[in-house]
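For reference, the structure discussed in these notes is given below.
The values are calculated or read from the model by the stated rules, or taken from the named source; none is laboratory data. For clarity, every value in this text was computed on a predicted model and none was experimentally measured. Heads up, the Cβs are rebuilt from the backbone with ideal geometry, glycines too, and the neighbour counts pull from every protein chain shown. Heavy atoms of the whole protein, side chains included, go into the accessibility calculation; ligands, DNA and RNA do not. Shrake-Rupley method; radii C 1.70, N 1.55, O 1.52, S 1.80 Å.
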Amino acid sequence: MYKLMFKRMIAAWMILNLLGLGLVPAAQAALIGTQASLSMEQREGRLDRIQSLVLRQEVQREMVTLGVDPGAVQGRLAALTDEELQTLEGQLASLPAGGDSVLAVIGVVFLVLLILELVGVTNIFKKP
Amino acid sequence: MARSGAAASLFGILPLALLALSGCAGRVPVVDTPVPPGTPAVELVDTPFFPQEAYQCGPAALATVLGAAGQGVTPTELADKVFLPGRAGSLQLELVAATRGYGRVPYPIEPRLDALLAELQGGRPVLVLQNLGLDTYPVWHYAVVVGFDPGEETVILRSGTQRREVLPVGRFVATWQGAEFWGLVTLTPGELPARPDRSRYLEAVAAMEEVGQTAAALAGYRVALERWPDDAIALLGYGNASYRLGRLDAAREVYARLVQRYPRHAVGHNNLAQALADQADYDGALAAVATALSLSDGDPELRQAVRQTEQEILQRRARAHPRHHSSSRRRRARRSNSALSCASRASE
């Protein structure tokens, strides 16, 4: 029983270290953070440490799937709050991603023109 | 010959089609809030310009606003931080996170045209998300609004490969509305936006604190307290940021101010207890933690956190005066465990 708990603690400690979070010095241990206090008040978006780690790993995985260099992902996620990670999780493929307007717009325009052409409204692709 | 003629007429009709797409087709351009009468003309001509390379409007727009905020960085450098190859674009939240990485406070403005114009008047360009396509076939694009001309009723943007794109207000708003009027300014720590909304601003600052930009957060809380001296979140945040920077006197004083103003603020009493214990005032710390306990009845999670504070203080007092506490040796044996579980909670 105790052995299992000990193993779990070691595992948690190793995950923390792997993720570069490290251990906060014990002197700060009992401080309740501002964000934690806010989320306690709001009663939502609240995560414990392990949930937060799992969430971070999940978003990390999704980012690598979308072609982000695995070595760069952690740095990118480090500046996101837990709440923001919750917004991102599972949504990376569908949230608005601002990209190259010019090509995409030309693509849309081309489609519209093609449809207009096909239904016979316009006649731009045929020259006399 | 015939082919080049077709191409010529195709390009002749392009601008028209573009206009139809961004302005008329798909949605009715509704100005959410009319331009406030008497809004003067403004153009932030010194705003830098980074012509966008393929798919890189996010990095280019972010480099533009960061540059205007005094943080020189190239789109190429930013691309490694915000570009998602699989989406051929960048997400809003990643622009927000990257801003924090450069020590600037990302503040999403109120989703209204007058809020955007107020930032311009305050000298800050605004990074906006636009939908240049249709609701059903969105084409997301980032640009930076740098100017407004009330006479011509136009806005001026740094956008894509255009240093000075001029759009009629109505058309700009239509594209901006497609992106739910999302706009971002990048604040230097300690700077307030033109029309600061209290909870929006404090949320932006608390996020800086959460991701470890403690000094920037402290500056943000300080200016928040100048504006809203009695705000409980600003007081708590100022105390916590001070504490994490090792400024125990400042932290203790502001926690004391917090619980004096809000006597039922359990977290305030808890953190005051911690700061007092750090300064070896164990009696004061135990009194404060007792108050925190009495106030945390209906909240099991908070109560558990306060209990741990109490344990920590008792342990420290035992260490400081070992002779008075026979059970101190047993407590010491458990210390490594409790330090671990405390630490896993501390950075929440």
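Summary of values
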{"item": "Only one of B:GLN308, B:GLN304 that is within 13 Å of another protein chain (Cβ to nearest Cβ), part of a helix (DSSP H, G or I) and surrounded by fewer than 17 Cβ atoms within 10 Å (Cβ to Cβ)", "result": "B:GLN304"}
{"item": "Qualifying residue in segment B:222-231 (condition: farther than 19 Å from B:GLU110 by Cβ and of a type outside the set (D, E, K, R))", "result": "yes"}
{"item": "Positions within segment A:41-58 being modelled with pLDDT of 60 or more, part of a helix (DSSP H, G or I) and not hydroxyl-bearing (Ser, Thr, Tyr), in sequence order", "result": "A:ARG49, A:ILE50, A:GLN51, A:LEU53, A:VAL54, A:LEU55, A:ARG56, A:GLN57, A:GLU58"}
{"item": "Residue match in segment B:277-287 (condition: facing another protein chain (nearest Cβ under 9 Å) and either in contact with a strand residue (DSSP E or B) (Cβ under 9 Å, 6 or more places away or on another chain) or crowded, with 18+ Cβ neighbours inside 10 Å (or both))", "result": "yes"}
{"item": "Total residues in segment B:174-213, condition outside any loop (DSSP other than H, G, I, E, B) and either within 11 Å of the chain's Cα centre (by Cα) or under 23 Å from B:TYR238 (Cα atoms) (or both)", "result": "17"}
{"item": "Residue check, B:ARG100 at pLDDT below 95 and at negative phi", "result": "no"}
{"item": "Qualifying positions in segment B:151-176 - in contact with a Phe, Trp or Tyr (Cβ under 9 Å, 6 or more places away or on another chain) and open to solvent by less than 70 Å² (accessible area, probe 1.4 Å)", "result": "B:THR154, B:VAL155, B:ILE156, B:LEU157, B:ARG158, B:SER159, B:VAL169, B:VAL173, B:TRP176"}
{"item": "Number of positions in segment B:239-261 that are open to solvent by 50 Å² or more (accessible area, probe 1.4 Å), more than 9 Å from every other protein chain (Cβ to nearest Cβ) and part of a helix (DSSP H, G or I)", "result": "6"}
{"item": "Any chance B:ARG171 is assigned to a helix (DSSP H, G or I) and among the basic types (Lys, Arg)", "result": "yes"}
{"item": "Residues satisfying the stated conditions in segment A:59-84, i.e. closer than 19 Å to A:ASP48 by Cα and either more than 9 Å from every other protein chain (Cβ to nearest Cβ) or open to solvent by 30 Å² or more (accessible area, probe 1.4 Å) (or both)", "result": "A:VAL59, A:GLN60, A:ALA78, A:GLU83"}
{"item": "All strands (runs of 3 or more DSSP E) inside segment B:59-150 with 1 or more residues being open to solvent by 10 Å² or more (accessible area, probe 1.4 Å) and either within 28 Å of B:GLU209 (Cβ to Cβ) or facing chain A (nearest Cβ under 10 Å) (or both)", "result": "B:105-108, B:140-149"}
{"item": "Unmet requirement for B:ARG198, which otherwise passes all of (1) surrounded by 22 or more Cβ atoms within 10 Å (Cβ to Cβ); (2) under 23 Å from A:GLU84 (Cα atoms)", "result": "(1)"}
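Here's the yes/no breakdown for (1) over 25 Å from B:TYR142 (Cβ atoms); (2) more than 13 Å from chain A (Cβ to nearest Cβ):
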residue: B:SER159; (1), (2): no, no
residue: B:GLU165; (1), (2): no, no
residue: B:GLY170; (1), (2): no, yes
residue: B:VAL185; (1), (2): no, yes
residue: B:LEU192; (1), (2): no, yes
residue: B:PRO196; (1), (2): no, yes
residue: B:GLN213; (1), (2): no, no
residue: B:ALA219; (1), (2): yes, yes
residue: B:GLU226; (1), (2): yes, yes
